[in-house]
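Trainee: Let me give you the structure first, and then I'll get to my questions.
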Amino acid sequence: MTEPAAYWPPFGLTLTTPNLQLRPVRDQDIPAAVEAASSGIHEPGRNPFSNPWTEAPPHKLGTNMAQWYWRCRAGMSPQDWTLLLGIWHKDEFVGCQDVAAKDFAALKTVTTGSWLRQSAQGRGLGKEMRAAVALYAFDWLGAEVAESEAAAWNQQSLGVSRSLGYELNGVTRAVWGGKAQEVQNVRLTPATFKRPDWQLQVQGHEPTAKYLGIKQ
């Protein structure tokens, strides 16, 4: 049987850290992703996402998540791509970390976003998964800048950013979930990156980079 990576090379990508494995979400992983999200990500009424996807009714959450994974795969091109990486900790699906870019060949800039089930929070895993994609972006993809954002009140996310060397990059005002929100932008470069004391293990990089139009 033909391996899925033969027709969609990012399926062959795996990033491994001391405690986590990050790899693109496949269709057979979607039920575990839905279960993790359904178990709770944040306190009720305190949504940290620009798109309040976690507030969907239970009977729609799974459909919405599956459609999002499929949409990102189908729309991927060298000019505009999003890698949605599932996070596994001790063989349990605990969250998702994405890394995305537009016009990467010219801008050499990626953006990141993530979520982690509440039962896995507070153990340093959020920092480890963000460090993993920063290492991959800088050392393997050749990125020069990594950007992210968080609601100004979201000190947990901003604390992870500070611990990795992100610098504040201005505050914008945006509508998140129909409500005005102060949004803190942050920016990381190889020079400011506070690298972890472990090495990232990468499998399947070359076919993925070629598929994304990234010259090595």
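The values are calculated or read from the model by the stated rules, or taken from the named source; none is laboratory data. On a predicted model such as this, the values are computed, not experimentally measured, just so you know. Counting neighbours? That spans all protein chains shown, and the Cβs are built from the backbone with ideal geometry, glycine included. Quick note on the areas: whole protein, heavy atoms, side chains included, nothing else; ligands and nucleic acids left out. Shrake-Rupley method; radii C 1.70, N 1.55, O 1.52, S 1.80 Å.
Trainee: Please turn the phi angles of the stretch 175-186 into ³J(HN,Hα) values with the Karplus equation 6.51 cos²θ - 1.76 cosθ + 1.60 (θ = phi - 60°), one per residue in order, whole Hz, x for glycine and proline.
Mentor: Result, ordered by residue: 9, 10, x, x, 10, 5, 9, 7, 10, 8, 8, 9 Hz.
Trainee: Below 8 Å between Cα atoms, with a sequence gap of 6+, how large is the relative contact order for the chain in percent?
Mentor: Across the chain, relative contact order equals 24 percent.
Trainee: Would you please name the trypsin sites (Lys or Arg not before Pro) within the stretch 122-216 that are DSSP coil residues with at most 11 other C-beta atoms within 10 Å of their C-beta?
Mentor: Sites meeting the loop and neighbour criteria: LYS215.
Trainee: Just the number, please: carbon plus sulfur as a percent of the accessible area of the stretch 81-216, 1.4 Å probe, no ligands or DNA/RNA counted.
Mentor: 47 percent
Trainee: Within a Cβ distance under 12 Å of GLY177, other residues only, what is the Lys/Arg minus Asp/Glu net charge?
Mentor: Once all neighbours under 12 Å are counted, the net charge is +1.
Trainee: Hey, can you grab everything whose amide H is under 5 Å from the amide H of TRP176? Only 5+ residues off in sequence or another chain; H modelled, so Pro and N-termini drop out.
Mentor: The list, which skips near neighbours in sequence, is GLN181.
Trainee: If Lys and Arg each add +1 and Asp and Glu each add -1, what is the summed charge of the other residues whose beta carbon sits under 13 Å from the beta carbon of PRO196?
Mentor: Net charge around PRO196: +1.
Trainee: I'd like the accessible area for ARG71: 1.4 Å probe, protein heavy atoms, all chains in place, Å² to the nearest 10.
Mentor: It works out to around 130 Å².
Trainee: Expressed in nm², what is the orientationally averaged projection area of the convex hull enclosing the Cα positions of the stretch 90-145?
Mentor: Result: a mean projected hull area of 4.3 nm².
Trainee: At 222 nm, what helix-only mean residue ellipticity would the chain give, in deg cm²/dmol to the nearest 500, using -39500 (n - 2.57) for each DSSP H run of four or more?
Mentor: Value at 222 nm, helices only, nearest 500: -8000 deg cm²/dmol.
Trainee: So, how do all the Cα-to-Cα distances of the chain break down into 10 Å bins, in percent, from 0 on up?
Mentor: Cα pair-distance distribution for the chain, in percent: 8, 34, 40, 17, 1, 0.
Trainee: Amide H to amide H under 5 Å from ASN169: which residues, 5+ apart in sequence or cross-chain, H placed 1.01 Å off N in plane?
Mentor: The list, which skips near neighbours in sequence, is ASN185, VAL186, ARG187.
Trainee: Continuing with this model, one more query. Of the DSSP beta bridges with both residues in the chain, give the percent that are antiparallel, rounding to the nearest 5.
Mentor: For the chain, the DSSP antiparallel bridge percentage is about 95.
Trainee: Right, another one. Accessible area per residue, 1.4 Å probe, Å², for the stretch 1-158: what's the number?
Mentor: Per residue, the stretch 1-158 has an accessible area of 48 Å².
Trainee: Then there is this: Please compare each pair in LYS179/LYS210; LYS60/LYS210; LYS179/LYS215; LYS127/LYS215; LYS194/LYS215; LYS102/LYS127 to a cut-off of 30 Å on the Cα-Cα distance and tell me which ones are over it.
Mentor: From LYS179/LYS210; LYS60/LYS210; LYS179/LYS215; LYS127/LYS215; LYS194/LYS215; LYS102/LYS127, over 30 Å: LYS179/LYS210; LYS60/LYS210; LYS179/LYS215.
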